[in-house]
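We did not get these values from a lab; they are worked out from the coordinates using the rules stated. Since the structure is predicted, the reported quantities are computational estimates derived from the model, not experimental observations. Here Cβ is always computed from backbone atoms with ideal geometry, including for glycine, and neighbour counts include all displayed protein chains.
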Amino acid sequence: MKQPIKKFMLISVIMGMIATCLIGCSTVENQSSTESGTSSASNAQTSSTQTNDTQSSEETSTQTQQQEAVLYIGREGNFKEYSLKYEGELKPETLIEGISNLTGWDLSLSDAVTTGKGGMTVSFAKDSALFVGPPETQKDEFFMYDADNLTPTILDSVKKTLQENFVDTNAGGDPDSLDIYYCMEGDQPLTFDNLNVTIPMDTPYTTFPNE
């Protein structure tokens, strides 16, 4: 009788050890699964946060970079104002290109606008609208019949636009205090043979002659 009892006890002990081992393995697997799920969720949340931060940074950067300037189109004493959106540093060339894009007039420059204590000097290329006239297809709002109207309109518009955008009137500055000089390709004075007019390059431009 004693031998069967001993076998029964041995079997019971072995079964108990197996059960303990299975429970332990199950617990380890559950913990590993939980930790893995928590890690994945954490990584996903971090990735989402980084993406949102990047988008927010890009939107803020775009809003910060985009600014507004004003273009003045017309003749001395009679200008219309138009908004110009731009990014980065405002340069004279940006404004002149803005006038060109708005009106359709070719305002090609032969060189970069020079800026100094004496004012600004704008040098027009020989193929600009000042010398070749208005484009064949014109915008109705900026339609010009001939050079008599187009030439002074271009010169007055560029002058007014540069002065108003580069002189701080909020601080009491006077736009007319910024002298604007004109010349043409080859460092020559603007000469319009068809109008019998020459604009001196060493004298600040005020108004078109004979007006």
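Between ASN196 and ASN149, what FRET efficiency follows from the Cβ-Cβ distance if R0 is 25 Å, with the result rounded to 0.05?
Result of the calculation: an efficiency of 0.95.
Could you sort out which of LYS80/LYS139; LYS85/LYS159; LYS85/LYS117 sit more than 23 Å apart by Cα distance in this structure?
Flagged as over cut-off: LYS85/LYS117.
Starting at the first residue of segment 131-148, write each ³J(HN,Hα) from the Karplus equation 6.51 cos²θ - 1.76 cosθ + 1.60 with θ = phi - 60°, in whole Hz, x for Gly and Pro.
Per residue, the Karplus-derived 3J(HN,Hα) values read 10, 9, x, x, x, 4, 9, 10, 7, 4, 5, 10, 5, 10, 6, 7, 5, 4 Hz.
Report, by chain and number, residues whose modeled amide H sits under 5 Å from the one on ASP179, excluding near sequence neighbours (fewer than 5 apart, same chain).
Residues meeting the amide H criterion: MET120.
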